[in-house]
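One structure below.
The values are calculated or read from the model by the stated rules, or taken from the named source; none is laboratory data. Keep in mind it's a predicted model, so treat the numbers as computed, not measured. Cβ sites come from the backbone with ideal geometry, for glycine too, and all protein chains shown count toward neighbours.
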Amino acid sequence: MNKPILNIVIPCYNEEEVLPITSKLFLDKIYELIKIGYIDDKSRVLFVNDGSKDKTWDIIKQLSKEDEHYQGICQSRNRGHQNAVLAGMMYSIDKCDMIISIDCDGQDDINAMNEMIEEYQNGCEIVYGVRSKRDTDTVFKRATAQGFYKFLKWMGVETVYNHADYRLVSNRVLKEFKNFKEVNIFLRGMFPLVGFKSTSVFYERNERIAGDSHYPLSKMLALAIDGITSLSIKPIRLITSLGMFVSIISFIGVIWTLIVHFIGNGVAGWASMTSIICFLGGVQLISVGILGEYIGKIYMEVKARPRYIISETTEEDK
Ligand code: UDP
Ligand code: MG
């Protein structure tokens, strides 16, 4: 039987400090997997340069000259982690039998790949890498991440708990995934929607090998909002429920005010009046904000701009 071809898809943004170290680890892994007969020699380590401003792309080009198992594609500008992974996956369609997406900073344990491929051999089309421990994350990151997964679930977005973007996907699933045309992408919430047989493999997350995270709180929040609003309309429904609730309370308030007025029991307090006005103002602003978030998303989707643009590949140099 033919051995499957694997592409390891690795998004890279300003990773000149990390790449010289981790690229070797990825290559060693490819050779090990070839040697133990898990994958074909045509398998590749595919770096996706996400518009880096440092020497990342030069390093990738150099690597591709040193060993044919290294390959690189370059995005025309920085588009963010999710789009970089998407570019690598779409580029890999029909060039391999499966891809494994993984960050380039050494945080995800590459040894979990063996088990992922074993699950693929068992017939799984998607294998999710799940962090068994989050010891290396700060208390803040752990708490926000946990809250985020719970919130997603409550919002009706199906995700695999503690799974980020370390996953194996078969070519068959990639081809189906190509039909998910949305511009606002949140991969970990979209893959469960594709279906097919899937499973999880557990690993321990390490410290970043070098450099700093490119996911500050602001980007994490943006990803969280994208994740919720691209995959769930529950917030809009909540606005309706909240609106009804506030209306009922206000109605009771009006009746109460009338009773007080007709009993003639003095002046109604301005404090209660002000707080009601402020409360309603707040609710309205939040609601308009949520609606705005969705309208913005619709606007982006209607424009249907490309989600990635590949400007160069290392294959052209060969
Ligand atoms: N990354 C990317 N584009 C970006 C930001 C990050 O391709 O705009 C890559 C980055 O090089 C790394 C992965 O996405 O391989 C995860 O980023 P990072 O390690 O900074 O995030 P964290 O692990 O802290 O969440
Ligand atoms: Mg990282």
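Among the residues of region 125-142, write down those that are buried (at least 23 other Cβ atoms within 10 Å of the Cβ), more than 16 Å from ligand 2 (Cβ to nearest atom) and not hydroxyl-bearing (Ser, Thr, Tyr).
Listed by number, the residues that qualify are Ile126, Val127.
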- Task: Using the structure shown, decide if Pro235 is surrounded by 14 or more Cβ atoms within 10 Å (Cβ to Cβ) and either touching a residue at least 12 places away in the same chain (Cβ under 8 Å) or within 16 Å of ligand 2 (Cβ to nearest atom) (or both).
- Result: yes
- Exactly one condition in (1) more than 16 Å from ligand 1 (Cβ to nearest atom); (2) crowded, with 16+ Cβ neighbours inside 10 Å; (3) at pLDDT 95 or above is not met by Leu152; state its number. (3)
- Just wondering, is there one or more residues in region 164-180 that are out of contact with any helix residue (DSSP H, G or I) (no Cβ under 8 Å at 6 or more places or on another chain), within 16 Å of ligand 2 (Cβ to nearest atom) and among the polar types (S, T, N, Q)? no
- Note on the structure: Flagged in region 98-116 as surrounded by fewer than 21 Cβ atoms within 10 Å (Cβ to Cβ) and either over 25 Å from Gly211 (Cβ atoms) or more than 16 Å from ligand 2 (Cβ to nearest atom) (or both), in numbering order, are Asn111, Asn114, Glu115
- Query: Only one of Val130, Val173 is of a type in the set (Val, Ile, Thr) and not in a helix (DSSP H, G or I); which?
  - Reply: Val130
- Counted residues, region 287-318 - those being touching a residue at least 40 places away in the same chain (Cβ under 8 Å) and in a helix (DSSP H, G or I): 12
- Query: Just one of Thr229, Thr199 is more than 30 Å from Ala112 (Cα to Cα), of a type outside the set (Lys, Arg) and out of contact with any His (no Cβ under 6 Å at 6 or more places or on another chain); which is it?
  - Reply: Thr229
- Message: Anything in region 191-228 that is farther than 21 Å from Arg167 by Cβ and in contact with a helix residue (DSSP H, G or I) (Cβ under 7 Å, 6 or more places away or on another chain)? List them, or say none.
- Response: Ala210, Ile225
- Which of the residues that make up region 63-107 are under 18 Å from the mean Cα position of the chain (by Cα), over 20 Å from Glu32 (Cα atoms) and of a type in the set (A, V, I, L, M)? Ala84, Val85, Leu86, Ala87, Met89, Met90
